[in-house]
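Trainee: Dropping a structure here in C-alpha cells format, bear with me for questions.
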Amino acid sequence: MSSTNATSSSTAPSSTTPTPTPAAATVTTPFEVPTLKNLSDSGIGINNVSMVLNETLGYSKMGARLNATQVMEISTILVNAANVPGLRAENSYSLLQNLDNMLYVDPTTMYQSGNSAQNVLQSLGTMVYNTVDQRIEYLEGTNLGFSSKQIDCSNIGVDDGLLDMGTRFELLNTTDALGKWHSVVVPLSELCSGQELSHVFFTIYRDTSLFVGPQKYRSYSGNNLPISSGRAETYTPPPVFAERAEVDEVLMNVTSQTAPASPCARQTSLPATPVMSATILDTDGAAVSMMRRREATDATMALLRFNVSTLNRPLHGKFKVTWWDTGKNEWSDSQQCEIVSDSNGVIEAKCLHLTDFAIIVDAALNDPNVCDTALITLGYVVNAISIVSLSFLTFFGICAYIKCLAKSRFYTYLRGNNLARRDFLALVFHFDLLLFYVFFTVFSNQEVSGDMCTTMAAVMYALLLCSLLLTIFQALRNILVFIPPRIYRVLEIFLSSPAILLTSVVIPFTLSIFLLVFTKFFDRQDCFCWVRPDYVIYAIIIPISVLLMSTIFCTSFMIYKVFFGIKRKFSGGHHYDPNVITKIISIVVMQISLGLPWVLQFGTLYSPYTTFWHYLFTIVMGSQGTILLLIFVYKRYRAYQSDSLSKSTQSVLKTRDSRRRRRNVLTAEDSLGSSTDTFHEY
C-alpha cells in the first residue's frame with residue numbers, strides 16, 4: 001500500500017527478516033542533528049541501536065503533530081531496531097516508548113503512512129524474541145502497556161497477564177486480582193501442554209490508531225457520566241453522509257476513504273475501550289495463534305475482561321469481543337470470542353486463539369423511529385389523530401366554564417343529561433396529554449431538538465407520568481361514593497383539586513429532573529429523544545406498578561359494588577352517580593392503554609432492525625388521545641341511551657297515569673249513574 005502524503009522513497013522493511021542490517025560506522029557528525037530520514041535510512045546494529053532510538057524519541061514526542069511521512073520513517077526505525085539480535089531490555093523499552101508517542105497520531109494519518117501500522121504490529125514479536133533479558137516491562141506508558149517474559153514450560157507456576165487500571169498498567173499473575181479493570185490473561189499451563197514455547201508477551205493499546213484498514217468505523221461515542229459529574233459529553237449524532245472531510249474526521253473514527261454505513265444500518269462501531277493483545281512464541285520465534293493438539297482445539301487461550309461501566313449500552317445491538325484480521329485489516333465478524341459474563345459493568349470473554357482483541361458494538365446507531373420512513377409516517381398519523389382528539393376534548397372541557405358556550409344547543413347535545421357539566425381534573429388531564437403529544441411529535445427527533453434532546457425527553461416523561469397520576473386520582477374520586485362517611489370526609493381533603501394538581505405536577509417533574517441530572521435515563525444516543533428502556537426500574541417497574549395497584553384497587557371496589565351492594569350500605573348522604581360503573585371501566589381501560597407502551601418499548605431493545613414491537617409501540621403510544629375520544633363517544637352513547645330510556649319510561653308512565661285517571665273518572669260516573677238510576681227507581 002503506497003503512501004499518499006509521503007515524500008520519502010524508503011519503504012518499511014519486513015519484521016520477519018532475522019538478519020539485521022550492518023551498522024554504519026557513523027550516522028552524523030557530533031554537531032549535526034540527524035533527521036528522521038537519516039535515521040531510517042541508516043543501518044542499525046547492536047552498537048548504535050540505543051543512540052538511534054533515543055534520537056528518534058525527540059521526533060516521536062511530537063505525537064499528534066506527526067505527519068504521514070514522519071510516521072512512516074519512525075515505523076521503519078522501530079522495525080529495523082526490533083530486528084537487531086541481542087537487544088537489551090532498555091533497548092526494547094526505548095522502542096516501546098517511541099511507539100507509545102506514535103499512538104497519538106490520528107487514524108487518517110496512520111492510514112496515509114502506508115504499511116507502517118502493520119509492520120510495527122508484526123515487529124513486536126521479533127523484538128521480544130531478539131531481547132536477551134528475561135523480561136521486558138513498559139508499564140508507565142500513556143497509550144501503551146507492554147509486558148513479556150521467557151517461558152520455561154517445565155516450571156510453570158501461575159497464569160500470566162497484563163492489567164490496565166486506567167492511570168497505570170500492572171503485571172497480573174492470578175485471575176483473583178482481575179477486579180473491574182481491563183485485563184488479558186493467558187493460561188500458560190494449558191498452552192505449554194503438548195508444545196514447546198519460548199516467550200509470552202502482552203500489549204494493551206489505549207488508542208486504536210494502529211488498527212487501520214480499508215473500512216471506516218464510526219466511533220460509538222458518549223459515556224455513562226451524568227450531568228451531575230461535570231464531565232458529561234453532549235452527544236452529537238453521526239451524519240448519514242458527511243459533507244466535508246473535516247466534519248467526517250471529527251465525528252467518526254476515520255481510517256480510509258471508504259465511507260461507513262449509514263447510522264440507521266447495522267454496522268460495527270468502536271467504543272472507547274482498549275485493544276488487548278496476547279501472543280506466545282515457539283522456540284523458533286514464530287507466533288502460535290492456536291493450540292496445535294487436535295484434542296485441544298477448543299481450549300481457552302486467552303481470558304479477557306473489559307470494563308464497560310463508563311459506556312452506555314447499545315439499544316439496537318450488542319457488545320461483542322472480536323479480533324483484528326491482519327489479512328483483511330479489519331475487525332473480524334467471524335470466530336469471535338465467547339462472552340461468558342456480562343454484569344456489573346464488566347464483560348468477560350474467553351478466546352480460542354491469540355491475537356489482538358477489542359470490544360465492538362454490533363448495532364444500528366440510530367433508532368428506527370428516526371430512520372424507518374414507514375414507522376415515522378405511522379407515528380405522525382397516529383399522533384396527529386390523538387392531537388386532534390385531545391384538542392376537541394380540551395375545548396369541550398373549557399366550554400363548561402364559558403357561559404355562552406355552555407348554554408349552546410350544540411354543547412348541550414354533546415354533553416348529554418348524564419354527563420357532568422364541569423370536570424376540572426378531566427380538563428387538566430386532556431390538556432396534559434395534548435402537551436405531551438405536541439412535544440413528542442415535534443421534539444422526539446434530535447434533528448429538531450438538537451442539544452436539548454435529553455431535556456425534551458425529560459419534559460415528555462414528566463408530562464406522561466403526570467397523566468398517569470391524574471387517571472389514578474380520577475379513579476379514586478369515583479370510588480369515594482362507596483366509602484364510609486368518616487373516611488370520605490378525610491379523603492375528600494386529600495383528593496381535592498388543588499392537592500391533586502400539586503401532587504400530579506410536583507412528583508413527576510421532580511423525578512424527571514433527578515433522573516436527568518443524576519442518571520443517563522434520557523441519554524439514548526440514537527437520535528430518538530425518549531427514555532432508555534434498559535433502565536427497567538424507572539422505565540417499566542414504577543409506571544406499571546403504580547397503574548397496576550390503582551387498577552386492582554378500583555376494580556375491587558367495582559366488584560364489591562356490583563355483587564355485594566356496598567353502595568346501599570355506605571351511600572347515605574352521598575350523591576350517587578348512576579354512571580359510576582361506566583366511569584370506572586373507562587378509567588381502567590385508559591390506565592391499561594397508558595401502561596402498555598412502557599411494556600412494549602422493552603420488546604424493541606437490542607434489535608438493529610425495525611420489528612413488530614416497534615410498530616406496536618408506535619401505534620399504542622400514539623393512540624392515547626384517540627382512545628380518550630372513543631371513551632367520550634361511548635359515554636355519550638350510553639347517556640343518549642339512558643336519556644331515551646328515561647323519556648320512553650316517562651311517556652309510558654304518563655300514558656298509564658292518563659289511562660288510570662280516565663278509568664277512575666269512568667268508574668265514578670258509573671257508580672253515580674247506578675245510584676241515580678236506583679234512586680230514580682225508588
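Trainee: Take the residues of the range 481-496 that are hydrophobic (A, V, I, L, M, F, W, C) and without any contact (Cβ under 8 Å) to a residue 60 or more places away in the chain: which is surrounded by the most Cβ atoms within 10 Å (Cβ to Cβ)? Give the steps one after another, and end with the answer.
Mentor: Going residue by residue through the range 481-496, those that are hydrophobic (A, V, I, L, M, F, W, C) are 481-483, 487, 490-491, 493-495.
The next check asks that each one be without any contact (Cβ under 8 Å) to a residue 60 or more places away in the chain; those that pass are 487, 490-491, 493-495.
Numbers: 487: 11, 490: 10, 491: 15, 493: 8, 494: 11, 495: 17.
For the range 481-496, the residue satisfying everything is 495.
Trainee: Looking for something under 37 Å from the mean Cα position of the chain (by Cα) and crowded, with 23+ Cβ neighbours inside 10 Å - is there at least one such residue anywhere in the range 77-95?
Mentor: Looking only at the range 77-95, we keep the residues that are under 37 Å from the mean Cα position of the chain (by Cα), and these are none.
Checking the range 77-95: not a single residue is under 37 Å from the mean Cα position of the chain (by Cα) and crowded, with 23+ Cβ neighbours inside 10 Å.
Trainee: Hey, another quick one. Residue under question is residue 108, and the condition is that it be of a type outside the set (A, V, I, L, M, F, W, C) and either in the same structural domain as residue 192 (by TED's automatic domain parsing) or surrounded by 23 or more Cβ atoms within 10 Å (Cβ to Cβ) (or both); does it hold? Write out each step before concluding.
Mentor: On the way: of a type outside the set (A, V, I, L, M, F, W, C): yes; either in the same structural domain as residue 192 (by TED's automatic domain parsing) or surrounded by 23 or more Cβ atoms within 10 Å (Cβ to Cβ) (or both): no.
Here the answer is no, as residue 108 does not meet what is asked.
Trainee: While we're here: Under the condition of being under 11 Å from residue 433 (Cα atoms) and aliphatic (A, V, I, L, M), which residue from the range 385-400 is nearest to the chain's Cα centre (by Cα)? Lay out the reasoning, then the answer.
Mentor: Start the filter on the range 385-400 by keeping residues that are under 11 Å from residue 433 (Cα atoms), which leaves 386-387, 389-391, 393-394.
Applying the additional criterion that residues be aliphatic (A, V, I, L, M) yields 387, 390, 393.
Details: 387: 28, 390: 31, 393: 36 Å.
Residue satisfying both the conditions and the ranking: 387.
Trainee: Got a sec? Which of 426, 406 is of a type in the set (A, V, I, L, M), closer than 23 Å to residue 593 by Cα and at pLDDT below 95? Write out each step before concluding.
Mentor: Details: 406 fails: closer than 23 Å to residue 593 by Cα.
Among 426, 406, only 426 is of a type in the set (A, V, I, L, M), closer than 23 Å to residue 593 by Cα and at pLDDT below 95.
Trainee: Is at least one residue of the range 99-116 modelled with pLDDT under 95, out of contact with any Ser or Thr (no Cβ under 7 Å at 6 or more places or on another chain), of a type in the set (S, T, N, Q) and within 27 Å of residue 133 (Cα to Cα)?
Mentor: So far as the range 99-116 goes, no, none of its residues is modelled with pLDDT under 95, out of contact with any Ser or Thr (no Cβ under 7 Å at 6 or more places or on another chain), of a type in the set (S, T, N, Q) and within 27 Å of residue 133 (Cα to Cα).
Trainee: Whether any residue in the range 378-397 is buried (at least 21 other Cβ atoms within 10 Å of the Cβ), out of contact with any Gly (no Cβ under 7 Å at 6 or more places or on another chain) and closer than 20 Å to residue 603 by Cβ is what I want to check.
Mentor: no
Trainee: Something else now. Is it the case, given these coordinates, that residue 476 is more than 30 Å from residue 517 (Cα to Cα), at pLDDT below 90 and in a helix (DSSP H, G or I)? Talk me through it step by step, then tell me what you get.
Mentor: Details: more than 30 Å from residue 517 (Cα to Cα): yes; at pLDDT below 90: yes; in a helix (DSSP H, G or I): yes.
Against the criterion (more than 30 Å from residue 517 (Cα to Cα), at pLDDT below 90 and in a helix (DSSP H, G or I)), residue 476 qualifies.
Trainee: Tell me, which residue of the range 429-462 that is among the acidic types (Asp, Glu) and modelled with pLDDT under 95 is farthest from residue 645 (Cα to Cα)?
Mentor: Looking only at the range 429-462, we keep the residues that are among the acidic types (Asp, Glu), and these are 432, 447, 451.
This time we only want the ones that are modelled with pLDDT under 95, so: 447, 451.
Working: 447: 55, 451: 58 Å.
The extreme case among them is 451.
Trainee: Continuing with the same structure: Out of all the residues in the range 260-277, which are over 20 Å from residue 370 (Cβ atoms) and not hydroxyl-bearing (Ser, Thr, Tyr)? Steps first, please.
Mentor: Taking the range 260-277 as the starting set, the residues that turn out to be over 20 Å from residue 370 (Cβ atoms) are 268, 270-277.
Correct list: 270, 271, 272, 274, 275, 276.
Trainee: Pull up the range 122-157, narrow it to residues that are modelled with pLDDT under 90 and in contact with a Leu (Cβ under 8 Å, 6 or more places away or on another chain), then point me to the one that is nearest to residue 192 (Cα to Cα).
Mentor: The extreme case among them is 153.
Trainee: Quick one: which residue in 329, 366 is out of contact with any Lys or Arg (no Cβ under 8 Å at 6 or more places or on another chain) and on the phi > 0 side of the Ramachandran plot? Walk me through it before giving the result.
Mentor: Details: 366 fails: on the phi > 0 side of the Ramachandran plot.
Of 329, 366, the one residue that is out of contact with any Lys or Arg (no Cβ under 8 Å at 6 or more places or on another chain) and on the phi > 0 side of the Ramachandran plot is 329.
Yes/no per residue for (1) closer than 20 Å to residue 388 by Cα; (2) more than 41 Å from the chain's Cα centre (by Cα); (3) of a type in the set (Phe, Trp, Tyr):
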position	(1), (2), (3)
594	yes, no, no
614	no, no, no
639	no, yes, no
643	no, yes, no
651	no, yes, no
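Trainee: Enumerate the pairs (first residue in the range 190-209 and in contact (Cβ under 8 Å) with a residue 24 or more places away in the chain; second residue anywhere and of a type in the set (Lys, Arg)) with beta-carbon separation below 8 Å, excluding pairs fewer than 6 apart on the same chain, so at least 6 apart or on different chains.
Mentor: 193/293; 194/292; 194/293; 195/292; 195/293; 199/149; 200/149; 201/149
Trainee: Pull up the range 295-327, narrow it to residues that are part of a loop (DSSP other than H, G, I, E, B) and within 20 Å of residue 183 (Cβ to Cβ), then point me to the one that is modelled with the lowest pLDDT. Walk me through it before giving the result.
Mentor: Filtering the range 295-327 for residues part of a loop (DSSP other than H, G, I, E, B) gives 297-301, 308-310, 312-316, 326-327.
Imposing the further condition that a residue be within 20 Å of residue 183 (Cβ to Cβ) reduces the set to 299-301, 308-310.
Values: 299: 78, 300: 84, 301: 88, 308: 91, 309: 88, 310: 86.
Here the answer is 299.
Trainee: Continuing with this model, one more query. Residue 56 - would you say it is on the phi < 0 side of the Ramachandran plot, touching a Ser or Thr at 6+ places or on another chain (Cβ under 9 Å), at pLDDT below 95 and surrounded by fewer than 19 Cβ atoms within 10 Å (Cβ to Cβ)? Walk me through how you get there before you give the answer.
Mentor: Working: on the phi < 0 side of the Ramachandran plot: yes; touching a Ser or Thr at 6+ places or on another chain (Cβ under 9 Å): yes; at pLDDT below 95: yes; surrounded by fewer than 19 Cβ atoms within 10 Å (Cβ to Cβ): no.
No, not satisfied.
Trainee: Also, I was wondering about something else. Of all residues in the range 328-351 being surrounded by fewer than 14 Cβ atoms within 10 Å (Cβ to Cβ) and either under 16 Å from residue 274 (Cα atoms) or hydroxyl-bearing (Ser, Thr, Tyr) (or both), which is modelled with the highest pLDDT?
Mentor: 341
Trainee: Go through the range 60-76 and give me each residue that's free of Cβ contacts under 8 Å to residues at least 60 places away in the same chain, touching a helix residue (DSSP H, G or I) at 6+ places or on another chain (Cβ under 7 Å) and surrounded by fewer than 22 Cβ atoms within 10 Å (Cβ to Cβ).
Mentor: 61, 63
The values are calculated or read from the model by the stated rules, or taken from the named source; none is laboratory data. Fair warning: this is a prediction, and the values are worked out from it, not measured in the lab. Positions of Cβ are backbone-derived with ideal geometry, glycine not excepted, and every protein chain shown enters the neighbour counts.
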